[in-house]
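Each value in this text was obtained by applying a stated rule to the coordinates, not by laboratory testing. Predicted model, so just to flag it, every value in this text is computed and none were measured. Methodologically, a virtual Cβ is constructed for each residue, glycine included, from the backbone with ideal geometry; neighbour enumeration extends over all protein chains shown.
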Amino acid sequence: MRKIDLYCEGDCWDPKVWSATPYELATTLKKLGLLHNTCNVNPIENQNFITQYLSKLPYLYFDKKGVYTLRNSIHPRCYRACEKKALEFYESNPKPDSIITIGHLAIFHKTPYFTLQDLDTNTVLRWRKERKTTYMLDRIPISILEENKKIQQEVYENAAGIFVPSEWIRKSICSYISEPQKVFTTGIGHRYSTVNLTEEILRERFENPVLLFVGKDGIRKGIDAVIEVFQQIKDEFKNMKLRIVTNQESLPKQVKKSINRIPEVEFYSNISPEELSDMYMSSSLFVMPSRFEPFGKVFFEAMAFGLPVIGANHCAMPEFITNNYNGYTPSVNSEEITEKIKQVFKSFETYRKLSKNAISVSEKYRVENVVAEMLSIIDKYSN
């Protein structure tokens, strides 16, 4: 039986992080009996506060607006620290048959490795050079992103395979590596089994609509647009509510004030997986018109619970949201989003159809199915 090592930045056994991809991948491989070792390559994990603070100093970037910490492996110095830890772990442990890395963490010359990459630096650079906002990496100097792209490309060139969530990202990577045939669109799996929705549940959702927004980076994910839309539309629907799950600390003050002034809004942060599951089950429609989105795993989680989804008409979202099938992809414009929400609740038959199709789409992206596809590629390209 194949032995696979998993490398990532952070503790892959922590189910409470915003993106549970490392946890879901590790637990699935373990369940299949394939997981050999896991390695947290973050060089500042498990160190005291002073050590962590000092270790960040080389990654600070100063500009006229303030000081910013370049986290993760974006900064070349940070990448080298992660790479060093990864290779030290690799050399001091029994060798696996193959390796999966979440992100471009290191080059393993003696073992076939496959990198799971949700976003490549080339895509960010393209947006930056076109003067479009990513709401993620806009304050990092172009020079640092260019250096990071070179490192990332070297990792890609030496990899046995590259797993990406969307065609949008696959095409970007294929445009600059020498072997584009080794880039595979697999999606990124979600943990939830699809639910069995009764007529009674669907009726309750349709007649007492609850809109749900889940996104750590609120502004990037379109939280301000969702709040504006809800203020415009709530009085047209009986008992309509809005649930928001986001990192409240990163929201601008005016957005927090807007939320707190609306009594029909429920505002959450740092909820457990069980609480999130309950929210999906008791909501009616998932709304996240993201301004920049490599994939958006929460869309698939919501669809697993039969929620139609509203995203946006760019990036990866049109690949898995089909208008009038499982949801809608308007532009990030309050009038268009409002129109599509009304379309969802136009009739019970419309709502039932969208819900049924949402479940069908989500099934393809369950973590077990995504990992099975990855394993078939690993088996084929590890020799």
Whether the range 257-318 is rounded, prolate or oblate, judged on the alpha carbon gyration tensor where a/c under 1.5 counts as rounded = oblate
Just subtract the alpha-carbon distance of His109 and Asn260 from 0.36 nm times their residue separation and send over the number in nm, one decimal.
-> 49.0 nm
Among residues other than Thr134 whose Cβ falls under 14 Å from its Cβ, what is the net charge (Lys/Arg +1, Asp/Glu -1)?
-> +3
Determine the alpha carbon to alpha carbon distance for each of Lys256/Lys356; Lys150/Lys297; Lys3/Lys84; Lys216/Lys346; Lys16/Lys132; Lys241/Lys346 and list only those over 24 Å.
-> Lys256/Lys356; Lys150/Lys297; Lys216/Lys346; Lys16/Lys132
Which percent of Cα-Cα pairs in the chain sits in each 20 Å bin, short to long?
-> 27, 57, 16, 0
With a 10 Å radius around each residue's Cβ, average the other Cβ atoms per peptide and rank 264-274, 2-12, 244-254, highest first.
-> 2-12, 244-254, 264-274
May I ask for the net charge around Asp224, where only other residues with Cβ less than 13 Å from the Cβ of Asp224 are counted and Lys, Arg are +1 while Asp, Glu are -1?
-> +4
Quick one: length gained pulling Lys30 to Asn208 fully straight, 0.36 nm per residue minus the C-alpha distance?
-> 60.0 nm
Local electrostatic count at Cys174 - Lys and Arg +1, Asp and Glu -1, tallied over other residues with Cβ under 11 Å = 0
Contact order relative to length of the chain, as percent, for alpha carbon pairs under 8 angstrom and 6 or more apart | 15 percent
Could you give me the percent of Cα pairs per 5 Å distance bin for the range 199-364, shortest bin first, beginning at zero and ending with the bin that holds the maximum distance?
-> 1, 9, 20, 24, 23, 15, 5, 1, 0
With -39,500 (n - 2.57) per DSSP H segment of 4 or more residues and division by the full residue count of the chain, the 222 nm estimate, nearest 500 deg cm²/dmol, is -12500 deg cm²/dmol
